[in-house]
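J.: Here's a structure for you.
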Amino acid sequence: VLLKAIIDAKTHKQIQAQHTSGTTRSANKKDDKSLIKVAHRPVSKDLINELYKVNSQKLSVLKDNDSRHGEGFCTDFKLFTCTSPQIQQLEADLKDIAKEALCKEIYSFKNDSFLNIFEAGAGSVPHNHIRPTHKKFDLWKHQFSLVYYVDPGDQNCKHPGILQMLDPDIQILPRRGMILIFPSTRMHSSYYGGSKKRLMVGVNFFAFEAST
């Protein structure tokens with residue numbers, strides 16, 4: 001990924017040198033900031049059963065710097081290393097969907113994948129998925145986040161788990177099987193108050209132009 005980022009930076013530097021006005025570059029930055037790709041993948045009972053078998057821990061024992069809070073459970077960030085055929089197929093499908101949606105090659109899909117199981121009162125404070133290490137070689141420019149709503153839970157309540165995207169502000173009510181892909185720099189939050197469990201798979205990954 002680091003090598004891809006270096007090559008991409010050199011390529012864009014050459015392109016920028018050929019366009020002294022910089023108009024094209026500015027427009028691309030603006031588009032990336034507000035980018036949200038929406039897709040769908042059917043959810044099977046077999047997948048849900050397999051996800052419940054994955055080792056998890058309570059949200060209440062997470063570190064203070066974790067954005068998640070409240071009642072519920074979560075896995076570690078290696079969900080797609082599970083050998084379950086259903087979870088392996090999910091990884092392959094989501095990777096293909098991300099590739100088609102972004103028109104880019106997808107990398108490092110296993111390294112930051114997780115499952116959240118939210119119960120009433122669970123949610124996440126405004127956050128993004130950029131880490132200090134991603135500032136090296138401008139890795140943050142190539143990172144995207146994907147959420148897959150396996151089961152949105154109870155949506156007939158005061159707080160059905162709306163995903164609040166910030167800058168620009170957009171509210172999205174998740175549906176079963178909905179997939180959202182957006183730049184990892186994008187701040188977002190949610191709060192769930194339903195009576196049923198809510199399952200969501202998340203992935204943070206890198207994407208590059210095929211020519212890189």
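The values are calculated or read from the model by the stated rules, or taken from the named source; none is laboratory data. If you're wondering where the values come from, they're calculated on a predicted model, not measured in any experiment. Counting neighbours? That spans all protein chains shown, and the Cβs are built from the backbone with ideal geometry, glycine included. Quick note on the areas: whole protein, heavy atoms, side chains included, nothing else; ligands and nucleic acids left out. Shrake-Rupley method; radii C 1.70, N 1.55, O 1.52, S 1.80 Å.
J.: If the reach is capped at under 16 angstrom between alpha carbons, list the aspartates and glutamates near LYS135, excluding any in the same chain fewer than eight residues apart.
T.: ASP8
J.: While we're looking at this one, here's another question. Mind checking which lysines have their Cα closer than 17 Å to the Cα of LYS37? Skip sequence neighbours fewer than 8 apart in that chain.
T.: Within reach: LYS29, LYS95, LYS99, LYS104, LYS141.
J.: Moving to a separate point now. Given the C-alpha centroids of the range 81-121 and the range 133-193, what is the distance between them in whole angstrom?
T.: Between the Cα centre of the range 81-121 and that of the range 133-193, the gap is 14 Å.
J.: Oh, and also: Send over a whole-number figure in Å² for the accessible area per residue of the range 117-212, probe 1.4 Å.
T.: On a per-residue basis, 43 Å².
J.: If you average the sequence gap of Cα pairs under 8 Å that are 6 or more apart and divide by the length of the range 77-127, what percent do you get for the contact order?
T.: Reported relative contact order: 48 percent.
J.: Over the range 44-97, what is the relative contact order in whole percent, taking alpha-carbon pairs under 8 Å and six or more residues apart?
T.: Answer for the range 44-97 is 33 percent.
J.: Then there's this: Of the trypsin sites (Lys or Arg not before Pro) in the range 149-198, which ones lie in a loop per DSSP and count no more than 11 other C-beta atoms within 10 Å?
T.: For trypsin sites (Lys or Arg not before Pro) across the range 149-198 that sit outside H, G, I, E and B with at most 11 neighbouring Cβ atoms in 10 Å, the list reads LYS158, ARG175.
J.: Something else now. Could you please put SER84, SER44 in sequence from largest to smallest accessible area, using a 1.4 Å probe?
T.: From most accessible down to least: SER44, SER84.
J.: Provide the per-residue ³J(HN,Hα) series for the range 49-64, in order, calculated from phi with Karplus coefficients 6.51, -1.76, 1.60 and θ = phi - 60°, each as a whole number of Hz, with x at glycine and proline positions.
T.: Per-residue couplings from phi come out as 4, 5, 5, 5, 7, 5, 4, 9, 9, 6, 4, 5, 9, 5, 5, 4 Hz.
J.: Would you work out the relative contact order for the range 63-208, in percent, from Cα pairs under 8 angstrom that are 6 or more residues apart?
T.: Taking the mean separation of contacting Cα pairs over the length of the range 63-208, I get 33 percent.
J.: Can you give the accessible area of CYS157 in Å² (nearest 10), computed on protein heavy atoms with a 1.4 Å probe?
T.: 40 Å²
J.: What percentage of the solvent-accessible surface of the range 35-119, computed with a 1.4 Å probe over protein heavy atoms, is contributed by carbon and sulfur atoms?
T.: 49 percent
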